[in-house]
Amino acid sequence: SNWKSFNEDASWKEVLLNSQTNGSLISKPPERIYLKPMDFSPLN
């Protein structure tokens, strides 16, 4: 698959390691926020 070849790519592995030299890019996974349409929204 494309993802498998992407993850095995030597250039990508180098970029990934270099991006984490000072720690992870994010300290925790992002939160999921669910939005509700407002009264004036065309979704209502």
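At a glance:
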item: Pairs where the first residue, in segment 15-37, is loosely packed, with under 10 Cβ neighbours inside 10 Å and at pLDDT below 90 and the second is among the hydroxyl-bearing types (Ser, Thr, Tyr) and not in a loop (DSSP other than H, G, I, E, B), C-beta under 9 Å, 6+ apart; result: Leu25/Ser19
item: Search result, residues across segment 24-44 that are hydroxyl-bearing (Ser, Thr, Tyr) and under 17 Å from the mean Cα position of the chain (by Cα); result: Ser24, Ser27
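The values are calculated or read from the model by the stated rules, or taken from the named source; none is laboratory data. As the structure is a prediction and not an experimental result, all values here were calculated from the model. Cβ: placed from backbone, ideal geometry, glycine included. Neighbour counts: every protein chain shown.
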